[in-house]
């Protein structure tokens, strides 16, 4: 029994070290946003307010793991203080949404930590089947990544 506990401790130590190394080498996630006029700026602000209710979003933003950049980054020349956004022309307002379009879904009966780890880094929600179960490690991984678990109706 002690050998099994020792093996589990070693495996956990390796996994935790790998996760820490990954977090240290990964730069901040950037989301591109196009703001052409006052309406699109307001729409963007409202989308940020809506996302603030998602677990992990506010912390990622405050800690610098998430940042917003203009959709057309080439209009802002790096290193030039005089660079300014181009004049707003009469064109329809287009907002690049920062909210994920689809929610990943796992239909397996038992969802494991590895299933959660395979989700894309930008995932903030996960839908599982009505009868699906999560292992305790899967719950911990989802909590660590700020992923909210939802149950599907079917």
I'd like the residue in the range 18-29 that is under 25 Å from residue 47 (Cα atoms) and touching a helix residue (DSSP H, G or I) at 6+ places or on another chain (Cβ under 9 Å) and, out of all such residues, is modelled with the lowest pLDDT. 28
Close pairs from the range 38-52: first assigned by TED's automatic domain parsing to the domain that holds residue 71, partner surrounded by 11 or more Cβ atoms within 10 Å (Cβ to Cβ) and assigned to a helix (DSSP H, G or I), Cβ under 8 Å, at least 6 apart: 51/57; 52/58
Being free of Cβ contacts under 8 Å to residues at least 40 places away in the same chain, part of a helix (DSSP H, G or I) and out of contact with any strand residue (DSSP E or B) (no Cβ under 8 Å at 6 or more places or on another chain) is the filter; apply it to the range 58-74 and report the residue that is nearest to residue 126 (Cα to Cα). 58
Does the range 77-86 include one or more residues that are at pLDDT 90 or above and either within 14 Å of the chain's Cα centre (by Cα) or exposed (fewer than 11 other Cβ atoms within 10 Å of the Cβ) (or both)? no
How many residues are exposed (fewer than 14 other Cβ atoms within 10 Å of the Cβ) and touching a residue at least 40 places away in the same chain (Cβ under 8 Å) when one looks only at the range 108-151? 3
Can you tell me which of 55, 121, 100 is out of contact with any helix residue (DSSP H, G or I) (no Cβ under 9 Å at 6 or more places or on another chain), assigned to a loop (DSSP other than H, G, I, E, B) and either modelled with pLDDT under 90 or in the same structural domain as residue 32 (by TED's automatic domain parsing) (or both)? 100
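The values are calculated or read from the model by the stated rules, or taken from the named source; none is laboratory data. Values in this document were obtained by computation on a predicted structure and should not be read as measured data. In this analysis, Cβ positions are derived from the backbone assuming ideal geometry, glycine residues included, and neighbour counts consider all displayed protein chains.
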